[in-house]
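The block underneath contains the structure these notes are about, expressed in structure tokens.
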Amino acid sequence: MASQMKDKEAYQRLNYLYQAAHCVLSQNPENKELARFYCFTQRTIARRLVLRQDPSVKRTLCKKCCSLLIPGVTATTRQRSNKTRFTVLRCLSCGQSKTLLNNPDYCLWVDRPEAQLQQQKQPDQGPSLKNQPKDRKPDGSQQFPSSHR
Ligand SMILES: [Zn+2]
């Protein structure tokens, strides 16, 4: 239980940093370096504590330089099609690009029922499918740590 609370705090920090990066970029698009610093810190924490970040968060972070990828501000986005359609998101700072498949029916591993089985090993979780996604949600306003300034 104690470790679960600790993780929750770490997730709140990740959430805070992620929102802070968005915030400084929206105030001034010149704040790329600051946003990258926040995202870099976010990645460092996630790696050190071995926390899994939500795919929606990972898709907006450059793998190479840790920039926050916002189309039109720090990244370009293009549609490509071969046999299937892709969205190519390219980081304007370092040139690294991400290719995402355009398939609305695609099911991520974390959303599959098999992925949930590993997490049920933890004791005292109870019938807790409902509190697993909650910890990972990046945009839940109730997780914004207003007491941490
Ligand atoms: Zn980059």
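Observations on the structure shown:
- Given (1) open to solvent by 40 Å² or more (accessible area, probe 1.4 Å); (2) closer than 23 Å to ASN102 by Cα, index of the condition ARG13 fails: (2)
- Taking strands (runs of 3 or more DSSP E) as the structural unit, those lying wholly within the stretch 1-102 and holding at least 3 residues that are closer than 29 Å to ALA115 by Cα correspond to 85-91, 97-101.
- Here ARG36 meets the list (1) modelled with pLDDT under 95; (2) surrounded by 15 or more Cβ atoms within 10 Å (Cβ to Cβ) almost entirely, failing just condition (1).
- Filter result for SER81 (at negative phi, away from the ligand (no atom under 16 Å from the Cβ), under 12 Å from the mean Cα position of the chain (by Cα) and open to solvent by 20 Å² or more (accessible area, probe 1.4 Å)): no
- Enumeration of residues in the stretch 84-98 that are open to solvent by 60 Å² or more (accessible area, probe 1.4 Å) and within 15 Å of the ligand (Cβ to nearest atom): ARG90, LEU92, GLN96
- Candidates LEU69, LEU101, LEU61, LEU51 - the one that is more than 16 Å from the ligand (Cβ to nearest atom), within 30 Å of GLU9 (Cβ to Cβ) and in contact (Cβ under 8 Å) with a residue 12 or more places away in the chain: LEU51
The values are calculated or read from the model by the stated rules, or taken from the named source; none is laboratory data. These figures come from a predicted structure and were not determined experimentally. When we count neighbours, we look across all protein chains shown, and the Cβ atoms used for this are built from the backbone with ideal geometry, even at glycine. SASA here: full protein model, heavy atoms, side chains in, ligands and nucleic acids out. Shrake-Rupley method; radii C 1.70, N 1.55, O 1.52, S 1.80 Å.
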